[in-house]
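As C-alpha cells, the structure follows; a few thoughts come after it.
The values are calculated or read from the model by the stated rules, or taken from the named source; none is laboratory data. Note that the structure is a prediction, hence the values are computed from the model and not measured. Neighbour counts are summed over all protein chains in view; Cβ atoms, including those assigned to glycine, are modelled from backbone coordinates with ideal geometry.
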Amino acid sequence: MTLMMGAVAYDPKVVTIWGGFRSWLTEHDFDFDFVLYSNYERQVEDLIEGHIGAAWNSPLAWIRAHRLATSQGRRLTPLVMRDTDQDLTSVIVVRDGSPFKAVADLKGETIAVGAVDSPQATLIPCSLLRAKGLRPGEEVTIRRFDVGVGLHGDTSVANGTPHAPL
C-alpha cells in the first residue's frame, strides 16, 4: 500500500524536495508518493476525509487538522516537525531613537504585519499585542501585507521578491 503524503507547493523547490524523498524511500522498499496542494486548508480537508494518508503541515495547519479531527471523533498523530518550526518566535521592530520603549507605547499607532494566516508575521505579533493589553484593530491599527495567503507563512523569497503560490 502506498503512503500518500500531502505537501503545499509554496515554491518550485517543493517538487524537487518531495521527488527526492519519493526516490529515496522507493529505493529503500517504502511505497511512497505525494500530492501537491496550493493551500493548507484543502490539504487539511483531504487529510481529514482520508484522501491522503499524511500531510506535511504548517504549525497553523496542524492546529486546524487536530481541531477538525477531534470535532469528528477522530485522532491524528504528529510524527515529525521541521527544525525551523520549533521554538518559533517573532519580534516587533521600531526605528532607532523612536519614543517606543514598551508595547503599551504603541497604542494609537500603526503596526505592519504579514499575511493574515502567517504565524510568525501576523498571528504571534498580534497575540503579543493582546497579551500586553492592546487590541489589534481597535487600539492599534494593523496594516497587513497579504503576500502568500493560504501558505501560512511558508513563502519563499529570492532576490527580495516573494514568489506567488504555484
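Residues that are outside the structural domain of VAL116 (by TED's automatic domain parsing) and surrounded by 19 or more Cβ atoms within 10 Å (Cβ to Cβ): does the range 15-29 have at least one?
Looking through the range 15-29, at least one residue is outside the structural domain of VAL116 (by TED's automatic domain parsing) and surrounded by 19 or more Cβ atoms within 10 Å (Cβ to Cβ).
From ILE92, ILE48, which residue is touching a helix residue (DSSP H, G or I) at 6+ places or on another chain (Cβ under 7 Å), outside the structural domain of VAL147 (by TED's automatic domain parsing), of a type outside the set (Gly, Ala, Ser) and crowded, with 18+ Cβ neighbours inside 10 Å?
ILE48
Name the residues in the range 1-26 that are farther than 15 Å from HIS51 by Cβ, at pLDDT 90 or above and of a type outside the set (Val, Ile, Thr), would you?
If the condition is that a residue be farther than 15 Å from HIS51 by Cβ, at pLDDT 90 or above and of a type outside the set (Val, Ile, Thr), then TRP18, GLY19, GLY20, PHE21, ARG22, SER23, TRP24, LEU25 are the ones that fit.
Quick check, is ARG75 free of Cβ contacts under 8 Å to residues at least 24 places away in the same chain and of a type in the set (Lys, Arg)?
So ARG75 passes the test.
What number of residues in the range 30-45 are aliphatic (A, V, I, L, M) and surrounded by fewer than 18 Cβ atoms within 10 Å (Cβ to Cβ)?
2
Scan the range 19-37 and tell me whether some residue there is under 18 Å from GLY148 (Cβ atoms) and in contact (Cβ under 8 Å) with a residue 12 or more places away in the chain.
Yes, because at least one residue in the range 19-37 is under 18 Å from GLY148 (Cβ atoms) and in contact (Cβ under 8 Å) with a residue 12 or more places away in the chain.
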